[in-house]
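Comments concern the structure below.
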Amino acid sequence: MVVSLIATACIHYYMVPPIENVIEKALARSVAQYKLLYKSVEKLDGTLPRSIGKDGVLETSDASFWTSGFFPGSLWYLYEYSNDPQLKEMADKITQRVESQQYNCDNHDVGFMINCSYGNKFRLTNDTSSVKVIVNAGKSLSTRFRKTVGSIRSWSHPESLKWEFPVIIDNMMNLELLIKAANLSGDKKLYEIAVSHANTTLKNHFRKDFSSYHVVSYDSITGSVQTRCTAQGYNDESAWSRGQAWGLYGYTMMYRETKDVVYLEQAKNIANFILTNKNLPDDKIPYWDFDDPNIPNALRDASAAAIMASAFVELSTFVDSKLAKKYIETAEKQIRSLASDHYLADLGTNKGFILKHSVGYLSNDSEVDVPLTYADYYFIEAMLRYKTLVMKE
Ligand code: GLY
């Protein structure tokens, strides 16, 4: 009897290793992979890694592309995890490549670019030179705010000009930079812009079931909504998975920063939409769009899962114990799935990226079922958050 109990426990241990072990293994792999990726981009002056192209070649971007801050940000997180001075040096060097973006007023993504890179650098090193960059970037982002709308304009690129004043749900993520810039500079206006944007998005982006539209475009004179639609999702009325993840993360972050319970309720409602959705698979890695009619044969999106996992861990710290358990269990499932052989790249493969199987922009046939730097960034963040917020207990 005792022998059989021990045998069962051993089988369980080997089949379902403790989450601590899963995270340690995935973080160690992430360090090794990103050192390889660094070697490839070190010699490519000024460029940042992005993905793997259809030709199997490493795809890079210049600093003005929206994903430029994720690679430096991940190197900072991996330095935080490992305390390895080599990673600190790498992070520092690569972070300099995005410095020019502090003056970028062309799109809302300056938040991703500068907060993930310089935001993490400042958090970990307290260096005064990052403060100027963060504050300048916040001011650049604030130039896109229109009082009559109450929001920051997301896009201005030629394909977006069919919309008068497009705001995408992703834009919630850029508010963290504004709040940081407000705190560091004492400029209350930056904070007020972040709050106004979050309130306008809360009012106009969500359906009754708390799924969100991808794009809402406004009349820039009256501030009224002109259209609600999609750019990257399956269709205008579908729930594009990464958009739901951005919303979940964005309102959780806004609650952390403001303590306004309206944002907490919004995050909980978005979480409920995700967790009760019949199309969320058992392994909790969402299909790229919750409403793709090809489900269960549709592609999964590892990036959406990674963003959700990170948000669920943080959200669990703000709610009652019953809900917290549910959110932590979901995040744990997502981390375990992403750390499995199907999603986590073998050492030395995947051009050094950490995760496989993300979907960037399916309807544009761009970055489909590939690694993406933001999937890696939020995966690392989710694991570090799990270690500090959940495993500490
Ligand atoms: N922010 C762009 C995307 O999520 O694809």
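The values are calculated or read from the model by the stated rules, or taken from the named source; none is laboratory data. It should be emphasised that the depicted structure is a prediction, and the values quoted were computed from it without experimental measurement. Neighbour counts are summed over all protein chains in view; Cβ atoms, including those assigned to glycine, are modelled from backbone coordinates with ideal geometry. For the accessible areas, the whole protein counts, side chains as well, though only heavy atoms, and no ligand, DNA or RNA atoms are used. Shrake-Rupley method; radii C 1.70, N 1.55, O 1.52, S 1.80 Å.
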For this session: Mind listing just one residue for me: the one in segment 245-261 that is of a type in the set (Val, Ile, Thr) and surrounded by fewer than 24 Cβ atoms within 10 Å (Cβ to Cβ) and, of those, nearest to the ligand (Cβ to nearest atom)?
Result: Thr258
Problem set entry | Considering residues of segment 262-282 that are open to solvent by 50 Å² or more (accessible area, probe 1.4 Å) and in a loop (DSSP other than H, G, I, E, B) only, the residue nearest to Thr330 (Cα to Cα) | Asp282
For this session: Restricting attention to strands (runs of 3 or more DSSP E) lying wholly within segment 134-239, give those where 1 or more residues are crowded, with 23+ Cβ neighbours inside 10 Å.
Result: 166-168, 215-218
Seminar exercise, completed: Listed by first then second residue, the pairs whose first member lies in segment 313-326 and is under 17 Å from Asp260 (Cα atoms), whose partner is surrounded by 12 or more Cβ atoms within 10 Å (Cβ to Cβ) and of a type in the set (Val, Ile, Thr), with beta carbons under 6 Å and at least 6 positions apart or on separate chains, are Glu314/Thr252; Leu315/Thr252; Ser316/Ile328
Exercise. Looking at Ser160, is it within 14 Å of the ligand (Cβ to nearest atom), modelled with pLDDT of 95 or more, closer than 23 Å to Asn364 by Cβ and among the hydroxyl-bearing types (Ser, Thr, Tyr)?
Worked result: no
For this session: Output the number of the condition that Arg385 fails; it satisfies all remaining conditions of (1) surrounded by fewer than 19 Cβ atoms within 10 Å (Cβ to Cβ); (2) among the basic types (Lys, Arg); (3) assigned to a helix (DSSP H, G or I).
Result: (1)
Problem set entry | Condition met for Arg242 (touching a residue at least 60 places away in the same chain (Cβ under 8 Å) and surrounded by 24 or more Cβ atoms within 10 Å (Cβ to Cβ)) | yes
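Let's see how each residue does on (1) in contact with a Pro (Cβ under 9 Å, 6 or more places away or on another chain); (2) within 24 Å of Leu202 (Cβ to Cβ):
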| site | (1), (2) |
| --- | --- |
| Ile114 | no, no |
| Lys121 | yes, no |
| Ser129 | no, no |
| Arg153 | yes, yes |
| Pro166 | no, yes |
| Asn171 | no, yes |
Exercise. For Leu178, which of the numbered conditions (1) under 17 Å from the mean Cα position of the chain (by Cα); (2) within 16 Å of the ligand (Cβ to nearest atom) fails to hold?
Worked result: (2)
For this session: Give the residues of segment 124-133 that are without any contact (Cβ under 8 Å) to a residue 40 or more places away in the chain and open to solvent by 20 Å² or more (accessible area, probe 1.4 Å), sorted by residue number.
Result: Thr125, Asn126, Asp127, Thr128, Ser129, Lys132
Problem set entry | Residues located in segment 29-54, provided they are open to solvent by less than 30 Å² (accessible area, probe 1.4 Å), of a type in the set (A, V, I, L, M) and over 18 Å from Ser303 (Cβ atoms) | Val31, Val41
Problem set entry | Residue selected from segment 304-350 under the condition assigned to a helix (DSSP H, G or I) and aromatic (Phe, Trp, Tyr), by the criterion farthest from Gln266 (Cα to Cα) | Tyr327
Exercise. Can you pull out the residues in segment 283-304 that are surrounded by fewer than 20 Cβ atoms within 10 Å (Cβ to Cβ) and within 16 Å of the ligand (Cβ to nearest atom)?
Worked result: Leu299
Seminar exercise, completed: Just one listed residue, out of Tyr378, Tyr361, is farther than 23 Å from Gln33 by Cβ and within 13 Å of the ligand (Cβ to nearest atom), and it is Tyr361
Exercise. Looking only at residues in segment 65-119 that are outside any helix (DSSP H, G or I) and more than 14 Å from the ligand (Cβ to nearest atom), which one is surrounded by the most Cβ atoms within 10 Å (Cβ to Cβ)?
Worked result: Val98
For this session: Just one of (1) open to solvent by 20 Å² or more (accessible area, probe 1.4 Å); (2) modelled with pLDDT of 95 or more trips up Met391, so point out which.
Result: (2)
For this session: Can you tell me which residue among Ile354, Ile307, Ile328 is open to solvent by less than 10 Å² (accessible area, probe 1.4 Å) and away from the ligand (no atom under 14 Å from the Cβ)?
Result: Ile354
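Results for (1) at positive phi; (2) without any contact (Cβ under 8 Å) to a residue 24 or more places away in the chain; (3) of a type outside the set (Val, Ile, Thr), shown as yes or no for each residue.
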site	(1), (2), (3)
Glu164	no, no, yes
Ile169	no, no, no
Met173	no, no, yes
Ala181	no, no, yes
Asp187	no, no, yes
Tyr191	no, yes, yes
Ala194	no, no, yes
Thr200	no, no, no
Exercise. Can you tell me how many residues in segment 357-369 are under 19 Å from the mean Cα position of the chain (by Cα) and open to solvent by 40 Å² or more (accessible area, probe 1.4 Å)?
Worked result: 5
